[in-house]
2 protein chains.
Amino acid sequence: MQIDAIDRKIIASLGEDARRSYADVGAQVALSAPAVKRRVDRLRAEGVITGFTAVIAPAALGGTTEAFVELFCAGRTSPAEIRRAALRHPEVVAAYTVSGDADAILHLRVSDISHLEEALEGLRAERFVNSTRSTIVLSMLMERPAALT
Amino acid sequence: MQIDAIDRKIIASLGEDARRSYADVGAQVALSAPAVKRRVDRLRAEGVITGFTAVIAPAALGGTTEAFVELFCAGRTSPAEIRRAALRHPEVVAAYTVSGDADAILHLRVSDISHLEEALEGLRAERFVNSTRSTIVLSMLMERPAALT
DNA sequence: AGTGAAAAGGATTTAGC
DNA sequence: GCTAAATCCTTTTCACT
């Protein structure tokens with residue numbers, strides 16, 4: 001479970017381009033392709049690298065509007081219950097329990113405002129949701145993958 | 001700039017595993033490897049697929065604490081200015097301008113609470129920031145890549 | 001427009017060191 | 001960790017629909 005400087009460089013390199021070949025990554029870190037592969041295999045086995053994914057322009061998939069929705073929940077609502085509800089609603093792209101007056105924050109991606117209204121209706125229909133408070137995203141300024149931090 | 005059902009399946013497949021071979025993806029969508037490659041090339045050229053990245057467990061890189069920070073800015077602050085500031089602070093993993101009383105929401109990933117305090121100091125030192133309001137994330141319930149929506 | 005087949009050049013992966 | 005070798009994948013070209 002030890003991550004050294006070379007592992008970090010490998011992660012950064014694959015964070016920039018997950019389809020980069022092991023030979024290319026190896027050139028950056030002065031290692032042979034098999035050595036890089038073994039490290040990547042190890043990092044995956046250890047759960048450091050969770051996977052590799054395509055980065056998609058949300059607009060291309062019809063998700064052109066975003067919002068943050070604060071959830072105010074009934075007294076005995078468990079995080080697991082909120083999580084299950086969030087997964088049921090495809091508009092929810094991320095969900096967090098939080099400190100402060102709200103119990104959770106959901107990040108929603110929808111096609112337009114009327115779709116947002118629908119999604120909010122659906123969320124408020126969940127048994128444990130007392131009320132919601134929405135903040136509309138005017139523009140996405142930046143999003144940085146964890147690998148490039 | 002047209003995306004058909006096969007494109008969508010290809011995006012979903014590479015969203016699940018960006019290092020999957022074109023032959024494997026082709027097997028899922030009943031297309032040959034060259035045909036899949038041409039579609040992926042086209043989707044990249046059109047900006048639908050922005051890139052491919054490694055998904056990293058934030059904890060492995062020392063980012064075990066998260067927070068949402070609302071920014072209240074001086075009257076004449078442009079989104080571009082907020083964006084530049086967000087990029088300057090490595091703790092900021094995402095930034096959005098929003099409707100409502102705050103001007104922007106920043107998503108921060110830090111190693112611990114004292115690191116959060118430092119990061120907040122840094123943000124408040126920006127000329128255009130009048131004040132901030134922070135919400136600590138208690139637990140990340142789910143995060144869904146855009147490709148799997 | 002978009003497809004598959006084939007071939008050359010690379011990449012991955014196993015094995016031995 | 002490296003090199004070498006077999007296998008598989010990628011990518012270009014070309015012919016077909």
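The values are calculated or read from the model by the stated rules, or taken from the named source; none is laboratory data. These numbers were taken from a predicted model, which means no experiment stands behind them. Cβ atoms come from the backbone with ideal geometry, glycine included; neighbour counts cover every protein chain shown. Areas reflect the complete protein model, heavy atoms only, side chains present, ligands, DNA and RNA absent. Shrake-Rupley method; radii C 1.70, N 1.55, O 1.52, S 1.80 Å.
Could you list, in sequence order, all residues of region B:1-29 that are away from DNA strand D (no atom under 12 Å from the Cβ), over 22 Å from residue A:49 (Cβ atoms) and in contact with a Ser or Thr (Cβ under 7 Å, 6 or more places away or on another chain)?
Residue satisfying the conditions is B:28 alone.
Does any residue of region A:100-107 turn out to be free of Cβ contacts under 8 Å to residues at least 12 places away in the same chain, within 20 Å of residue A:135 (Cα to Cα) and open to solvent by 50 Å² or more (accessible area, probe 1.4 Å)?
yes
Just to be sure I understand the filter: pairs with C-beta atoms under 8 Å, separated by 6 or more residues or on different chains, first member in region A:23-49 and closer than 17 Å to residue A:1 by Cα, second member open to solvent by less than 60 Å² (accessible area, probe 1.4 Å) and among the acidic types (Asp, Glu). Which pairs pass?
Here the result reads A:39/A:7; A:43/A:7; A:48/A:7, each pair linking region A:23-49 to a residue that is open to solvent by less than 60 Å² (accessible area, probe 1.4 Å) and among the acidic types (Asp, Glu).
Would it be correct to say that residue A:122 is in a loop (DSSP other than H, G, I, E, B) and more than 18 Å from the chain's Cα centre (by Cα)?
no
Quick test of your reading of the structure: residue A:77 fulfils all but one of (1) in contact (Cβ under 8 Å) with a residue 12 or more places away in the chain; (2) under 23 Å from residue B:52 (Cβ atoms); (3) open to solvent by less than 40 Å² (accessible area, probe 1.4 Å); (4) more than 10 Å from DNA strand C (Cβ to nearest atom). Name the failing condition by number.
(2)
Run residue A:94 past the list (1) at the interface with chain B (Cβ under 7 Å from one of its Cβ atoms); (2) in a strand (DSSP E or B); (3) touching a residue at least 40 places away in the same chain (Cβ under 8 Å) and report the number of the one that doesn't hold.
Only one criterion is unmet by residue A:94, namely (3).
Report yes if residue B:144 is within 13 Å of the chain's Cα centre (by Cα) and either at the interface with chain A (Cβ under 7 Å from one of its Cβ atoms) or within 21 Å of residue A:107 (Cα to Cα) (or both), otherwise no.
yes
Please find, within region A:37-85, the residue that is nearest to DNA strand D (Cβ to nearest atom) out of those that are within 11 Å of another protein chain (Cβ to nearest Cβ) and aromatic (Phe, Trp, Tyr).
The selected residue is A:52.
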